[in-house]
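Data first, discussion second: the structure below is written as structure tokens.
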Amino acid sequence: PMLHRPSPGKQAVLKEKLTEMERCEKGALPGPQLMQDTYLLQFLLLLSGQLDAAGDAPANAVRTDPKVHEILSYINEHYTQQLKLETLAHQFGVSVSFLSHEFVRYTGRSVYDYVLHRRVQMAKAMITEAIPLGEVAYRCGFNDYSNFLRVFTKMAGMSPSAFRKRSKEAQKDPKRTD
């Protein structure tokens, strides 16, 4: 399999379209469904243009090893559990060095960073529910709240309690964008 990685400039444009779709979904923009459909169409057209321009074997395409794809699938199913690089490498019959390098090449993140990112994404979804933050941390795979607080704040740009407060405010007043 091949993975096409657009240039940083194209990545920024694609990310902007996804961000706008997300803002529409949260009701932060007027006419949310029509706007969301418009941004989705723009995103798909940009992506299609990227793939058409890429041809059969683009210079910035990444050949993916089936083993890395298998490991990524495993991580996606078990990221709330304790995962160690050495254990994953041994479990899938690859070296730690191979796993580290190929995983970064495939995902753009280290295994550790990828797991943390997935946990924080899960936490963001759970925080909007009426679940105590300590329980959210535990369910997302963080063994202690202070580690969860530090990682969440770094990745989300605000504390879990501030994120919860902002989410509640956005639900009450969907036109608010600050």
Net charge contributed by nearby residues that have their C-beta within less than 14 Å of ILE71 (K/R +1, D/E -1):
0
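Checking the a/c ratio against 1.5 first, then a/b against b/c, what shape does the Cα gyration tensor give for segment 88-178?
Working: a/c = 3.15, a/b = 2.10, b/c = 1.50.
In terms of gyration-tensor shape, prolate.
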Output wanted: per-residue J couplings in Hz (rounded whole) for segment 15-23, from phi through Karplus 6.51 cos²θ - 1.76 cosθ + 1.60, θ = phi - 60°, x for Gly and Pro.
5, 4, 5, 5, 4, 5, 4, 5, 4
Percent carbon-and-sulfur accessible area, segment 125-174, ignoring ligands, DNA and RNA, probe 1.4 Å
53
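The values are calculated or read from the model by the stated rules, or taken from the named source; none is laboratory data. Please read these numbers as outputs of a predicted model, since none were measured by experiment. Counting neighbours? That spans all protein chains shown, and the Cβs are built from the backbone with ideal geometry, glycine included. Remember, those area values only see protein heavy atoms, side chains included, never the ligands or the DNA or RNA. Shrake-Rupley method; radii C 1.70, N 1.55, O 1.52, S 1.80 Å.
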